[in-house]
Amino acid sequence: MNGFAQILDAARRTTPVVHSITNYVTVNDCANMILALGGSPIMADDPDEVEQIVAISAALVINIGTLNRHTVPAMLAAGKRANALGKPVVLDPVGAGASDLRNNALARLLGEVRFAAIKGNSAEIRFLAGSAVAARGVDAGDDTLVTEANLTASARMAAGLSARTGAVVVASGPIDLVACPTAVWAVRNGNARLTGITGAGCMAAAVTGCCLGAAPDKAPEACLCAMTIMGVAGEIAAAQSAPDKGGPGSFRMFLLDAVSSLSSPALAARARVEAVL
């Protein structure tokens, strides 16, 4: 798919307001990542104001990482209001399959809100697609990862979930998948050190929301842009914070810096994207 890197320029030019109902473990990282991309974050989760906040936002991100009984009504109200206003909504199903609370909340969200994108790790996406996945907290187990050996089967699974939900489906991991019902792309950018910090997946969902806010009518391209941004930034951060020079703290800092300084020509040149289906 050509031209997706230009959505980075659109984000920097238009400064989309991204409303995130996200988890308190990574809320600061997500807000800073949206700022680094050129957007404007607002993290509001009280049911009494979310509909008004959605009205002034370009996109909504719903992340269930630290779900509780009070945030579910806020997520539903915000999602429905975004749908009514024609604004894109991203779902990050953190820990899908780990508890009845999460699973019941996801069932309601998917039943009552239309999502432009569903972005999760490979285990979360497999669970939503109906596969039997043993819960491992919020991380994907090795047996659920997308690999070269299972790439085609994984792509078909993601495409099926996309067809069922109407959302672009993003499965993150060593190989990221971006799936529509009839087309799937593999993104091979990234670095293993992204798994050594808390919240890289949440940050990717926030970046996806920012890209969708900048290009709401180009959901597949926006998702590809978001995942290549995170992957390329991870590669740059790893090179700048070699293990003999620093640990996860410096990697996190360099990751944010890499997103902030990344240009669309550099993103296009470094992106490793190919069509799978």
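The values are calculated or read from the model by the stated rules, or taken from the named source; none is laboratory data. The structure presented is a predicted model; accordingly, all values stated were derived computationally and were not measured. Cβ sites come from the backbone with ideal geometry, for glycine too, and all protein chains shown count toward neighbours. The accessibility values were calculated without ligands, DNA or RNA, using every heavy atom of the protein model including side chains. Shrake-Rupley method; radii C 1.70, N 1.55, O 1.52, S 1.80 Å.
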Heavy-atom accessible surface of the chain: percent carbon and sulfur, 1.4 Å: 52 percent
accessible surface per residue for the chain, probe 1.4 Å, DNA/RNA/ligands not counted, whole Å² -> 41 Å²
Here, trypsin sites (Lys or Arg not before Pro) of the range 216-264 satisfying both criteria (DSSP loop; at most 13 other Cβ within 10 Å) are K245
Give me the dipole magnitude in Debye, nearest 20, for the chain about the Cα centre, with unit charges on the beta carbon: positive for Lys and Arg, negative for Asp and Glu. 340 debye
Going by the alpha-carbon gyration tensor, a ≥ b ≥ c the square roots of its eigenvalues, is the range 150-220 rounded (a/c under 1.5) or, if a/c is not under 1.5, prolate (a/b greater than b/c) versus oblate? oblate
Within the chain, how many Lys pairs sit with Cα atoms under 30 Å apart, leaving out pairs fewer than 8 places apart on the same chain? 5
Can you give me the long-range amide H partners of V184? Hydrogens built in the peptide plane at 1.01 Å from N, cutoff under 5 Å, separation of 5 or more residues or another chain. V276, L277
Specify whether the C-alpha gyration tensor of the range 78-216 places it in the rounded, prolate or oblate class, a ≥ b ≥ c being the square roots of the eigenvalues: rounded for a/c under 1.5, otherwise prolate if a/b is larger than b/c and oblate if not. rounded
Most mobile of L151, L85, L262 in a GNM of the chain (Cα contacts under 10 Å): L85
Under the rule rounded for a/c under 1.5, else prolate if a/b exceeds b/c, else oblate, using alpha carbon gyration tensor axes a ≥ b ≥ c, the range 5-275 is classed as rounded
Rounded to the nearest 5, what % of the DSSP beta bridges within the chain are antiparallel ones? 35 percent
Net charge around K119, counting only other residues with Cβ within less than 13 Å of its Cβ (Lys, Arg = +1; Asp, Glu = -1)? -3
Given a 10 angstrom Cα cut-off, can you work out which residue in L37, L128, L91 is the most mobile in a GNM of the chain? L128
